[in-house]
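Throughout, read-outs are computed from the coordinates displayed, never taken from laboratory work. Computed from a predicted model, the values in this text were never measured in an experiment. FYI the Cβ positions are ideal-geometry reconstructions off the backbone, even for glycines, and counts take in every protein chain you see.
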Amino acid sequence: MELAQLAPRRLAARLAEGIDGTLLAIALALAAIGLATLYSASQDDAARLTAQLANLAFALAAMWLAAQVPPQTLMRFAPAAYLAGIALLVAVALAGDVVNGARRWLHLGVVRFQPSEVMKLALPLMLAWYFHKNEAALKLRDFALGALLAAVPVALIARQPDLGTAALVAAVGVYVLFFAGIGWKPLAALALLVLASLPPLWGLLHEYQRKRILTLLDPTQDPLGAGYHTIQSTIAVGSGGIGGKGWLHGTQAHLEFIPERHTDFIFAVYAEEFGLAGGVVLLALYVALVARGLMIAANAATFFARLLAASITLMLFTYAFVNIGMVSGILPVVGVPLPFVSYGGSALATLFIGIGILMSIHQHRKLVQT
């Protein structure tokens, strides 16, 4: 009897090894909100909910595996991960699937995924590795090379076109440069360079992308076209009021006015049904997640681990900020899901792997690299 009880205890202890309870609890709370909102957005269709549960199970397994990998091992494989990510992006450009006019998906046997998701983790890994290797004598040319390393995947992703993901990957690169110690003057110069490049880049944008930007200040100028997403999502958010209309009672979602209500605009469904009170709870969870991640970064054992933890944490913040800002009408409409809440497998796996990396860094915070 004692042996029979001992085996499950050992298994539970092994599964809990390296897992940070706070991070896991926050991520699962966000995922639970996502499942409830997805069920409502799917109009009680259990099939999509079942698919998301399968995605969540896979993502949690990937998180556990990532949590078992020491930061020193991650550092050794960082260049290989970056090169593999670049190779996958090139493969997408050459032979990727075209969906809704964008070439973003790649088939590998029976699996279809977005290689751009790989770069959200591969780029900070690579930049953290590079700056760690040159930590003793970082110079301006090192930051210039780091910016170039970031520019390559950003350009490949923007070409698909996927401006939302390209902006996220670019932001992650800037975060690593900032935490690596780049001065304000080079950072300001980089910002000016980006601003100066906007006029020629404007001509390279697709027509629908230009319309989305132009209708940001006044969506009503094209209410049935580029402004439709913003108008319907802001109506849903506003109609939720303080307490919301109640779960499964959101009219904008159930009357199918909200576009992409399972993915990019799922926050509109949530805000309509749970109101301002529910929105505050959701924002509090994201704030707690970011605070925990930055705490882990501050206590990391190595320069590499600090850069990696800080950039992953701020990536999660940027995900949430851009999505909620987009749905609320203060940012242009881009293809950025709400972290841990929106439907999807690739993005959910990337997010939970990022959480697993944070757990690994926290577990090895007292180790000194030899």
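Relative to 2.2 N^0.38 Å, what does the C-alpha radius of gyration of region 217-370 come to as a ratio? Two decimals please.
1.21
Under a cut-off of 20 Å between alpha-carbon atoms, report the lysines in cross-link reach of residue 185, not counting same-chain residues fewer than 8 places apart.
Partners found: 139.
Using the Cα gyration tensor of region 158-306, with a ≥ b ≥ c the square roots of its eigenvalues, what is the shape: rounded (a/c below 1.5), prolate (a/b larger than b/c) or oblate (neither)?
oblate
Please work out the Cα convex hull volume for region 273-361 and give it in Å³ per residue.
102
State, as an integer percentage, the relative contact order of the chain based on alpha-carbon contacts under 8 Å between residues 6 or more apart.
Normalised by residue count, the contact order of the chain is 27 percent.
Using the Cα centre as the reference, give the magnitude of the dipole from point charges on the C-beta atoms of the chain (Lys, Arg: +1; Asp, Glu: -1; all else neutral), rounded to the nearest 20 debye.
The calculated dipole for the chain is roughly 1100 debye.
Can you list, bin by bin at 5 Å, the percent of alpha carbon pairs in region 83-205, starting at 0?
All Cα pairs considered, the percentages come to 2, 10, 20, 20, 17, 14, 9, 5, 2, 0.
Rounding to the nearest 20 debye, state how big the charge dipole of region 83-205 is about its Cα centre with +1 on each Lys and Arg Cβ and -1 on each Asp and Glu Cβ.
Result for region 83-205 is approximately 120 debye, rounded to the nearest 20.
Over all directions, the average projected area of the alpha-carbon convex hull for region 39-142 comes to how many nm²?
Average projection, Cα convex hull of region 39-142: 10.0 nm².
When the Cα atoms of region 15-61 are enclosed in a convex hull and the volume is divided per residue, what value in Å³ results? Before the final figure, lay out each step's value.
Values: hull volume 2.9 nm³, N = 47.
Each residue corresponds to 61 Å³ of Cα convex hull volume.
Once you have a ≥ b ≥ c as the square roots of the Cα gyration tensor eigenvalues for the chain, tell me rounded if a/c is under 1.5, and otherwise prolate or oblate according to whether a/b is larger than b/c. Show your work: numbers first, answer last.
Numbers: a/c = 1.69, a/b = 1.11, b/c = 1.53.
Taking the square roots of the gyration eigenvalues as a ≥ b ≥ c, the chain is oblate.
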